[in-house]
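Below: the structure, in structure tokens.
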Amino acid sequence: MCATKINYLLERVVVCVEIGRRHKEALKSIFQEVAIYMWLEKDPEVKNFIHTLFKSVSGTTKPCLKHTGSWAKTALQMLGPWEVKGKYSGTYISDYHDSQYNFGHLTATSVQKNGHSLLPRTVYLGFSGQTAGYSTKYLSFFIRLEGFGKSLASRIMSMTTGVIDFDEIKEVLNKIGVQERQADPLRIEIAVMLHNRVIAYHAADQKTITTIPQLMKKIGEMKSAAYDKELVRMMLIGGITTEQPNELGIPVSTVSAVTSVVGLHAKVGSDKAGTAMTRNYEVRLNLNMHGLSAVSNHLTPFGTAHSVEAARTIRIRIPRKISLGLDVKQQSVNFVISAPTEDDPVLAQVHATAVTAVHSDTPAAMKDQDIIDLLHQTCPTCKGMAMISKGEKFREERKLGSGYKYKSMEGINAGAKYYDCEKVHSRIHVLKQLRKFFGPENKNLGGRFGRPLTLFRLGARYMVQTLFLSPTTETCGMKAWYKQDTAAPSVFDKVEGQAKVKYEEDPKDKLGNKAMVKSSLNFKYTGATPKTRSLDMTLTLVKTGLEKIEVKTKLAAKDDALNKGGVVCVDVTATQAKVSDFFDYNGENEPTYERTINVAWSKDISSKDAGCPANSAGIKINKKAHRSQAQKDEAASDAWPYKQCREQKSSPKYPGDLTPATEPCLWATYKQTNLRESNITINYKVDPEARNRWRYPGALVAAVLMPYWVPSDSVDGHAAHGDHGVSADGHLQGELKLDVTMDEEHPEADIHWHGSGGESEHFHGVDLNFLPGPLKRPVHSRFSALMYKAFDLGVYGYCDVTPHAIQTFDNATYYADLSECYTLIAGDCSDKPRFVVLGKKISNDKLGVKILAGEHKVELNDLNNVIIDGKSQSLSDKLIFPEGDTKVFKIYKHDENNVFLLSKSLGLAIRYTGHYTTVTIGSRFRAQQCGLCGNFDGCRKNDFTGPATTCKNLQPSDMTKAYIVREGSCAGVGSVCPSS
């Protein structure tokens, strides 16, 4: 099993990180020793774990890990090249440190995987806080999920496929001599630790997990029952107390603590009428946090103490009143959300202040009042406790924002303000603070989910902790609220909504799907002028084959009281070229992509229940993407993977005219179908008022683009096209063209504008590096970035088999001649096998396959006919389903070169070309595969395992002998564990 060394490395490295301050030389030696060892390590799990650990530790800002970070940084430079991937084990540390006020926070995440499941085996998540030079690990979680992914997938598959008789598939596997692949035993552990002490722990295995259905049933009964419950909990999030004498020998103590009180009140009721079930929720969440930092001088001879205390408070209350209904017959969801009232608003409040106090240094029973009386003997006007303040005249109350009242906020009182505030909060000051919180300085962005998300998470925590832990003492409060505005003529009361969904898969037995969503929102107002505002939406999505997607959206709004409204329609059509060779990108398989977005709007409320407005204002955007010349030059070069793919395609090992689905060809196709050049045309048709609103922003954009301006007479081939000027109905028409090149290093665009008045402006070579990353990416045509990421993470795996070559699920490629007897290509070899794919050589360049999926048998020996359960049928673009109540799979002929068998319930897709077959499976089958395609566990080195798990490291030629189905004339062919 891969990753067996990780625990050993954890013991040697992580423990040393914890004690690094006392064992600097040992830590230096350990880091260097591991770095050198990694040059010989081939296990990707171990290499990924060490790289993420060293990288995270080397970037830490935590002062007490300064030396550890320096040694990790040195060792990181000694490591060999490696691309960190989330599908492997890893340790991720993100932290920040405020050197001005000496506080910070660290989050550590350790994930261990073994390739047997998409889910990790174990996850550790720990949070550490630092205040005044002291650190505490105040909260941490440990989760073990061994075997959970397989158990969950098995249950889901059983629900989607129904009861399956596994006997026929087991009989085939027995004839091969396959030994059952055991799944990891189910072991679940969940632990919650507070200040390194376990406060909650639960564990389960295969035996005790059987109690979960009863637990879920009980929870379901509780959910359907009415109840009124209240929960209140108090927790000490962090606390530090230190004592030391000052220069005069007077004892000085420092106390820093953060406490929280969380309260939840839930009142739930149920109603049922016919086929509709309604649940009514009245929920109120209260959160109160109090932070205190105090420095006290203890005057022991007098039994008194003088303290200076800085206090921070946060109060959050969120009341919600929601009614949620489900009508199974109508396939609709109904809901009502009530607005928070003036007596029960949504509220968030923060306040900070500082006080000075004199009090007894003995328990409270010793009378603080005696100390105050003693103080009054020398200072009659002094108080026992006084707020540190500049004075009343320095305090102010100021609202945040412009104060503009938007129409959409009618009947709502929402806002934010400073109150009782002595701080100067200019806009510049606020922007500087936000830059400090959310900038990359003083932060280690080694989080699990990428730099942007980690930066936002650290910045938000930094901002909250600054409210509690920075020792600035000016009194200041900030308050934000949301509630009904009872003084308004129309008071917002509630939102009533309904949503209906209709879904149809493979309409008219053609590959694709169609979904329709209808929803309506009614905003109800009470008060002196009651009224209703409505917003209706209709969305239709149609996917045709693999090449075309259409989305039509219509939004209609109306104010009944004002008898005003409007309609907006958005139609999107995306089409890519249909190809017969999915891994080729030349000639008739040239990748192209076209997207058209048509937006039309009208203020005519009569259109609310009619179709989309015609001949109205609108914008039409057309985008055509294609390969750039640089891409074409790359494809013709000898660089990897293009040369390797051309060599494989021309090799007799890969017969036929189609490009094989090998790793180099997949990479080449992915790079070449990410189209870097686009031609975008924007035609607009607007009223003069809208054109005037665009004038000033347009002038600003033109000023920014001025360095790229070129004279019109120097531009060829970009004269005005389409409609320009004033239309018959008085709309102004114009055009904007963009020629965009998304080069990997220098993305740029040419912009051409043709106005309604005949004016033209041209800008060439506009640098697009200022755009955020997602806007600079090429257009994904044939394979999306999400699809490729899914394969990279192991969500899916694919295997490609020809009569002479095999590429496994784990990307190991080997050459061996397939037998003329049926041989196991890939199969579910668990205790409940749901499919097997068998293949045999029909001729030197032809392949035949037999597929057992569920209780059905499929045979393919050519591209024109298929035999399903002994019945021959002609193949076409019309979907063919097996007989029976459950449609376990569907099969169709995509074109003259490809036949596809698809099964969502099994997580299985098979492509057959006559010359080879490609098998794609989901992560539920990880580590329980067997056959020529390997076991799909992320490790290439164990792909050459025979039918028996003890038969390992077979030669490629022995693999095709070992997995033969030994029956009939093939009964004596090969052996379970051959040896060349």
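The values are calculated or read from the model by the stated rules, or taken from the named source; none is laboratory data. This one's a predicted model, so the numbers in the text were calculated from it and none came from an experiment. Cβ: placed from backbone, ideal geometry, glycine included. Neighbour counts: every protein chain shown. Quick note on the areas: whole protein, heavy atoms, side chains included, nothing else; ligands and nucleic acids left out. Shrake-Rupley method; radii C 1.70, N 1.55, O 1.52, S 1.80 Å.
At R0 = 22 Å, how high is the FRET efficiency between Q182 and T886 if r is their beta carbon distance? Nearest 0.05 is fine.
Efficiency at R0 = 22 Å is approximately 0.20.
Could you work out how far helix 368-378 tilts from the main Cα principal axis of the chain, as a 0 to 90 degree angle to the nearest 10?
Long axis of 368-378 versus the principal axis of the chain: about 50 degrees.
Using only Cα atoms and rounding to the nearest 10 degrees, what angle (0 to 90) does helix 148-161 make with the longest principal axis of the chain?
60
Mean separation of Cα pairs under 8 Å and 6+ residues apart, divided by the residue count of the chain: what relative contact order is that in percent?
8
Å³ per residue of the Cα convex hull, for the chain?
Enclosed volume per residue, from the Cα hull, is 245 Å³.
For the pair A499/A348, report the inter-label distance in nm, with labels modelled 7 Å from Cα in the Cβ direction.
The answer from the label model is 2.4 nm.
Can you tell me the 0 to 90 degree angle between the C-alpha axis of helix 688-704 and the longest principal axis of the chain, rounded to 10?
90
Taking the Cα centre of the range 785-970 as the origin and placing charges on Cβ (Lys, Arg +1; Asp, Glu -1), which of G931, L786, N844 is farthest toward the positive end of the dipole?
L786
In nanometres, what is the gap between the two model label sites at E967 and T341, each 7 Å from Cα along Cα-to-Cβ?
It works out to 7.4 nm between the two label points.
By how many nm would the segment from W640 to S158 grow when fully extended, if each residue of separation counts as 0.36 nm and the alpha-carbon distance is taken off?
Residue separation times 0.36 nm, minus the Cα-Cα distance, leaves 169.2 nm.
Note down the relative contact order for the range 744-847 as a percent, whole number, built from C-alpha pairs under 8 angstrom at least six residues apart.
Here the relative contact order equals 14 percent.
Suppose a student asked you for the relative contact order of the range 785-970, using Cα pairs under 8 Å spaced at least 6 residues apart; what percent would you report?
Relative contact order, the range 785-970: 23 percent.
Mind checking the per residue accessible area of the range 785-970 for me, 1.4 Å probe, whole number of Å²?
35
Would you please give the FRET efficiency between K776 and K832, computed as 1/(1 + (r/R0)^6) with r the Cβ-Cβ distance and R0 = 45 Å, to the nearest 0.05?
Here the calculated transfer efficiency is 0.45.
What does a probe at K564 reach in the range 679-698, counting residues whose amide N is under 17 Å from the point 7 Å along Cα→Cβ?
Answer for the range 679-698: 689-690.
What value, in deg cm²/dmol to 500, does the helix sum -39500 (n - 2.57) over DSSP H runs of n ≥ 4 give at 222 nm once divided by the residues of the chain?
Calculated mean residue ellipticity at 222 nm is -6000 deg cm²/dmol.
For the range 45-90, what does the convex hull of the Cα positions come to per residue, in cubic angstrom?
66
Consider just the alpha-carbon atoms of the range 233-484 and return their Rg together with their Dmax, both in angstrom.
Radius of gyration, then largest Cα-Cα span, for the range 233-484: 24.6, 83 Å.
Tell me the carbon and sulfur percent of the accessible area for the chain, rounded to whole percent, probe radius 1.4 Å.
Here carbon and sulfur together make up 57 percent of the probe-accessible area.
From zero outward in steps of 5 Å, how is the percent of C-alpha pairs of the range 785-970 spread across the bins?
1, 8, 18, 21, 21, 17, 10, 3, 1, 0
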